[in-house]
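Worksheet: the structure to be examined is printed underneath.
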Amino acid sequence: MFIIGPGYTEYYDPHDPNYPGGKAVPASTPESMDGTNWRALWFNDLHGAKQAIFIAAFGSIAAISGKPDNAFDSDLLRAIEEIINKKIKGQYFVKEIKGHETIISLSELGISFNKDKKYFIFVSPNGNYSEFLPFGAELLQSGLHIYAQRLIDGQIVPGTRRKRWGSGKWGDGSKWGEFGIMAVNILIKEL
């Protein structure tokens, strides 16, 4: 992205607060050369949108490269990626659970609990766990509580898979061995 200024054209307006990176000035008549060669409204709309995306990502236009974007070096793409990262950072986790109920501390998730707020929580298996039903989950002062359950032969069986004795392979829901550890995807969003 570039800043509209003397390096681009001598016909620009650096004082409009809606365009901190400068804006184009239209020509005084269709035949004159005292303004931008582009139609100023269209150009300002496009350039203003790019500036808005960059400011939403980085808080200011200070980090704009000053070079036109291209397919391999794009300020706009970096800004969009930053916005996406900001939106999911602190909301998506991959953690391990074991047994009927797993409690993950709020400090481990980097979340501060507020009993007056509502939270959306989605927990799903991370891997090939086709027999698992949707996980129950609730966010409490004591941490994120995750309740695993599977459907085995038409029966709901609480907990993660159990290990077989001896072979070390995952069991089929029998009562052998201890519960195994499994990875889960966790999405937490404050509403």
Pairs with Cβ under 7 Å, 6+ apart, first in the range 12-24 and without any contact (Cβ under 8 Å) to a residue 12 or more places away in the chain, second assigned to a loop (DSSP other than H, G, I, E, B) = 14/5; 14/22
ask   = Which of (1) at positive phi; (2) modelled with pLDDT under 90 is the odd one out, the single condition residue 88 does not satisfy?
value = (1)
Search result, residues across the range 1-55 that are of a type in the set (A, V, I, L, M) and surrounded by 13 or more Cβ atoms within 10 Å (Cβ to Cβ) = 1, 3, 4, 24, 25, 27, 40, 52, 53, 55
query = Restricting attention to the range 111-153, which residues are of a type in the set (D, E, K, R) and farther than 15 Å from residue 186 by Cβ?
reply = 115, 116, 117, 118, 131, 150, 153
query = Inside the range 79-101, can you point out the residues that are surrounded by fewer than 13 Cβ atoms within 10 Å (Cβ to Cβ), of a type in the set (A, V, I, L, M) and either within 11 Å of residue 146 (Cβ to Cβ) or out of contact with any strand residue (DSSP E or B) (no Cβ under 7 Å at 6 or more places or on another chain) (or both)?
reply = 84, 88
Residue within the range 67-77 that is within 30 Å of residue 148 (Cβ to Cβ), surrounded by 14 or more Cβ atoms within 10 Å (Cβ to Cβ) and touching a Phe, Trp or Tyr at 6+ places or on another chain (Cβ under 7 Å) present = no
key: Elements of type helices (runs of 4 or more DSSP H) in the range 1-118, at least 2 residues being outside the structural domain of residue 150 (by TED's automatic domain parsing)   = 40-58, 75-88
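The values are calculated or read from the model by the stated rules, or taken from the named source; none is laboratory data. Only a predicted model underlies this, so the values are computations on that prediction, with no experimental measurement involved. All Cβ positions, glycine included, derive from the backbone under ideal geometry; neighbour counts span all protein chains shown.
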